[in-house]
1. What are the residues in segment 98-130 that are of a type in the set (Asp, Glu) and at pLDDT 90 or above, if any?
2. Using beta carbons and a limit of 6 Å, which pairs, at least six apart or on different chains, have the first residue in segment 68-90 and within 13 Å of Thr112 (Cα to Cα) and the second one of a type in the set (Gly, Ala, Ser)?
3. Only one residue in Ala73, Ala62, Ala52, Ala77 is part of a strand (DSSP E or B) and either under 26 Å from Asp33 (Cβ atoms) or open to solvent by 60 Å² or more (accessible area, probe 1.4 Å) (or both). Which one?
4. Might you let me know whether segment 64-84 holds any residue that is at pLDDT below 90, of a type outside the set (D, E, K, R) and under 17 Å from the mean Cα position of the chain (by Cα)?
5. Only residues that are closer than 12 Å to Leu74 by Cα, open to solvent by 60 Å² or more (accessible area, probe 1.4 Å) and out of contact with any Pro (no Cβ under 8 Å at 6 or more places or on another chain): list them for segment 89-111, please.
6. Which condition breaks for Ala87 when tested against (1) within 30 Å of Arg36 (Cα to Cα); (2) modelled with pLDDT of 95 or more; (3) of a type outside the set (Val, Ile, Thr)?
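The values are calculated or read from the model by the stated rules, or taken from the named source; none is laboratory data. Treat the numbers as computed from the prediction; the structure is a model and nothing was measured. Cβ atoms come from the backbone with ideal geometry, glycine included; neighbour counts cover every protein chain shown. The protein model used for the area step is the full one, side chains on, heavy atoms only, and it has no ligands, DNA or RNA in it. Shrake-Rupley method; radii C 1.70, N 1.55, O 1.52, S 1.80 Å.
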Amino acid sequence: MTKTQTAPPEAAATLPAPADPRAFPAPPRIVNDLARDLTGAAAAARAMAPGAGDVTVSAYTAVVCTGATPRDALLEAARWCHEASTAEVHASSLARIPGHREDIWEYALTLTVSFPDETGLPAGQTHHCSRRRTDFGD
């Protein structure tokens, strides 16, 4: 955490300093929003009655790539993925959103991503198969 970043007291002890000094520092508003959202999501998960599955609260980075057409947004996402070659994409969502004028629409492709931790291992959950399809048996 840099001197320009602030967080609620309960989150301050758990937020690490950026590993790369060249990293873009998050404005205090973003740090506070993230802490608030995680606190709210965790509280809702704790309030749930036991069910058939599990609920996990995680913080992922959302990368939003925009363009005048879906193709443009997808191309920007591909360019970003090329630059962030260690990023692991967990989910994507394409939306048509209002543009900078009332008569203009644009497209936003949101990528939910994570990066390897300090050991080099993936830090998030994604679709992985631990066995070959032929191992399922008949």
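1. Here is the first cut: in segment 98-130, the ones of a type in the set (Asp, Glu) are 102-103, 106, 117-118.
If the condition is that a residue be of a type in the set (Asp, Glu) and at pLDDT 90 or above, then Glu102, Asp103, Glu106 are the ones that fit.
2. Correct list of pairs: Glu88/Ser114; His90/Gly124.
3. Numbers: Ala73 fails: part of a strand (DSSP E or B); Ala52 fails: part of a strand (DSSP E or B); Ala77 fails: part of a strand (DSSP E or B).
One residue alone meets the criteria, Ala62.
4. Let us first name the residues in segment 64-84 that are at pLDDT below 90, namely none.
No, the conditions are met nowhere in segment 64-84.
5. Of everything in segment 89-111, those that are closer than 12 Å to Leu74 by Cα, open to solvent by 60 Å² or more (accessible area, probe 1.4 Å) and out of contact with any Pro (no Cβ under 8 Å at 6 or more places or on another chain) turn out to be Ser92, Ser93.
6. The failed condition is (2).
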